[in-house]
Amino acid sequence: MGKSYIIKFQPASDSQIKVFRAMAFEKGLENKLIEELIEFYKIANEYHHDSTFGFHSCDDIILFEWWSDRELWLSQMHMDTIRWKDGKFCLGDAGSSSYSKDYVFDSLSDLI
């Protein structure tokens with residue numbers, strides 16, 4: 001039998017959500033996107049696992065590191081990145097927002 005993993009998610013605190021909401025409004029994110037991300041962060045905030053991917057904390061300014069390109073940098077693990085760009089969630093690497101059109105999704109839950 002293969003090795004199993006128990007994954008425990010830590011939700012964002014109310015104060016972390018408040019910081020994220022303020023940063024997102026300041027940057028001009030659409031309400032729909034803000035609410036979708038908040039729903040995610042209420043379940044799993046700053047999640048990291050060596051064999052899968054991880055997400056930056058919702059109150060980490062690094063989320064907006066690529067905002068000059070209108071991208072949110074949601075996650076990085078090994079060579080993979082998860083970004084929001086052009087209204088879509090994408091799995092790619094540091095050099096491209098997505099590996100191909102097969103790695104572009106309408107929602108974060110579709111990507112995951």
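The values are calculated or read from the model by the stated rules, or taken from the named source; none is laboratory data. Model, not experiment: these values are computed from the prediction. Cβ sites come from the backbone with ideal geometry, for glycine too, and all protein chains shown count toward neighbours.
Brief remarks follow.
- Residue in region 17-35 that is assigned to a loop (DSSP other than H, G, I, E, B), within 14 Å of the chain's Cα centre (by Cα) and surrounded by fewer than 18 Cβ atoms within 10 Å (Cβ to Cβ) present: no
- Total residues in region 91-112, condition over 14 Å from residue 33 (Cα atoms) and either among the hydrophobic types (A, V, I, L, M, F, W, C) or in a strand (DSSP E or B) (or both): 8
- Region 57-83 residues that are buried (at least 20 other Cβ atoms within 10 Å of the Cβ) and assigned to a loop (DSSP other than H, G, I, E, B), paired with ones that are of a type in the set (S, T, N, Q) and at pLDDT 90 or above (beta carbon under 6 Å, 6 or more apart): 58/16; 59/16
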